[in-house]
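A.B. asks: Let me give you the structure first, and then I'll get to my questions.
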Amino acid sequence: MKKMISAYFFRLVRSYEIIAVLILFAIASVYVTSMMLNFDPSIKLIRTNDGYYGGRDHSVYIDAGNVKQYSFESLGASAYDVARCHSEPIPQDVYDKIAGPDSYNSAYFEYHALMYVLFYLHLLPTIVIVLIIPMFLGKLFSDGTVKNLVACGHTKIKIYLSAIIFAFILDALMILFNLLVFACYCIYYEWKPPVYIPVALTLILLSLLLTFTVTSVSVAVLFASRNRVISAIAGFLMLVFIFVPNNIVLDLYKNNDYQPEPSEWEEYDRIIEEYGPNVFEMRVDITELVTRTYYNGKEIIPSGNTLPAPARAALVTICYLDPVLCKRENNAGGEYLAYRSGFYSINAACNVLWILVAGASGNRIFKKHELT
């Protein structure tokens, strides 16, 4: 199998059209990452002559000369505290630095710029891989390579596994390249983002698994049909599926979320006025796909879903079978909550399930086909 994978890479470097696609991917990665970093204008100030007014009354002028003074690296708080701020109580002095009424900094926006980049690491690799699979691996059938491999004694399962492992390696290399581009931008802009490693690694893993899912389906369709056009169509449909922002079942479920009455907000408003916002703990209820708000262990704002229990369980199960659920259900600031609650773990397991199902199905059909 190692020899076959090595042979694929040898053929890859001699395939000018694939090299051209990969070069375009590299250029697009640099451009798209730059656009994503526009989420927070303070990131780029160190390399420009621009400036802007910030602060609650817009009285603070920020430019390249003082931008670091108001950034995360000068805040004196940890990335862990920035990630969980507004999700659970943190030391009050730290909260005052991050979000206090008398403080101004860009840590919150820097954190979300980082999350935005990590959330969409799969964006370009999925597009590129659905092009490479029919263009490159499709030639294994059109030029008789698969038939020759079988004639040489290689089993069909080895041929299939070598192809999918080769594609997975390309996926991982493209994800890694995106991360290297992002790291280069951080160095160039002298930016030290608030990287809370557990959440960051989880998002990288989710992007990688989502790319693997798209790859597994595309390879399965190619080997099952032995047709490059059908594989390309399947890849295109997968791209449409993962980039559509909504899930119809999730929308149906969310339309039945409980809406608190104005009177049910009174205690919450009283606590905010008396103690401030740094006393609430948010928890994601993964059984109902809702976020609950607690104060001293008591739920403050009633929440939940109004559907009958059987319908609720069925719809939640269907939602969890969506490999892109972590993207569709993501709320700004909710990454730490999703990580802590196990929501991301469920989504990772879902992707592993689809990778295995697609791979097993494609291999089973491929084994039954007679090569002509």
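The values are calculated or read from the model by the stated rules, or taken from the named source; none is laboratory data. The shown structure was predicted, so the numbers you read here are calculated from the model rather than taken from an experiment. Positions of Cβ are backbone-derived with ideal geometry, glycine not excepted, and every protein chain shown enters the neighbour counts. These accessible areas exclude ligands, DNA and RNA; they are computed on the full protein's heavy atoms, side chains included. Shrake-Rupley method; radii C 1.70, N 1.55, O 1.52, S 1.80 Å.
A.B. asks: Yes or no: L206 surrounded by fewer than 18 Cβ atoms within 10 Å (Cβ to Cβ) and either within 22 Å of L356 (Cβ to Cβ) or out of contact with any helix residue (DSSP H, G or I) (no Cβ under 7 Å at 6 or more places or on another chain) (or both)?
C.D. replies: no
A.B. asks: If you take the residues of the range 274-295 that are farther than 15 Å from P89 by Cβ and touching a Phe, Trp or Tyr at 6+ places or on another chain (Cβ under 6 Å), which of them is surrounded by the most Cβ atoms within 10 Å (Cβ to Cβ)?
C.D. replies: Only one residue tops the list, namely V284.
A.B. asks: Counting only residues that are in contact with a helix residue (DSSP H, G or I) (Cβ under 9 Å, 6 or more places away or on another chain), within 30 Å of A151 (Cα to Cα) and either assigned to a loop (DSSP other than H, G, I, E, B) or open to solvent by less than 20 Å² (accessible area, probe 1.4 Å) (or both), how many does the range 335-372 have?
C.D. replies: Of the residues in that region, 7 qualify.
Results for (1) closer than 25 Å to D93 by Cα; (2) of a type in the set (D, E, K, R); (3) out of contact with any strand residue (DSSP E or B) (no Cβ under 6 Å at 6 or more places or on another chain); (4) at pLDDT 90 or above, shown as yes or no for each residue.
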| site | (1), (2), (3), (4) |
| --- | --- |
| P245 | no, no, yes, no |
| Y258 | no, no, yes, no |
| P310 | no, no, yes, yes |
| A313 | no, no, yes, yes |
| L321 | no, no, yes, yes |
| G333 | yes, no, yes, no |
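A.B. asks: Ok, one more. List the helices (runs of 4 or more DSSP H) that sit entirely inside the range 99-208 and contain at least 1 residues that are β-branched (V, I, T).
C.D. replies: 107-119, 123-132, 145-151, 156-188
A.B. asks: Within the range 1-30, take every residue that is at pLDDT 85 or above and of a type in the set (K, R) and give me the one that is farthest from K158 (Cα to Cα).
C.D. replies: R14
A.B. asks: Another one. Just to verify a result, which residue in the range 54-75, among those that are open to solvent by 60 Å² or more (accessible area, probe 1.4 Å), of a type in the set (G, A, S) and not in a helix (DSSP H, G or I), is nearest to G276 (Cα to Cα)?
C.D. replies: S59
A.B. asks: What is the residue count in the range 296-319 for residues that are surrounded by fewer than 17 Cβ atoms within 10 Å (Cβ to Cβ) and either outside any helix (DSSP H, G or I) or aromatic (F, W, Y) (or both)?
C.D. replies: Number of matching residues: 9.
A.B. asks: Counting only residues that are of a type outside the set (G, A, S) and under 25 Å from K44 (Cα atoms), which one in the range 85-101 is surrounded by the fewest Cβ atoms within 10 Å (Cβ to Cβ)?
C.D. replies: K97
A.B. asks: Across the range 110-136, what is the total count of residues that are in contact with an Asp or Glu (Cβ under 7 Å, 6 or more places away or on another chain) and open to solvent by 10 Å² or more (accessible area, probe 1.4 Å)? Spell out how you get there, then give the answer.
C.D. replies: Restricting attention to the range 110-136, the residues satisfying the condition of being in contact with an Asp or Glu (Cβ under 7 Å, 6 or more places away or on another chain) are 110, 113, 115, 125, 129, 135.
The next check asks that each one be open to solvent by 10 Å² or more (accessible area, probe 1.4 Å); those that pass are 135.
So the answer is 1.
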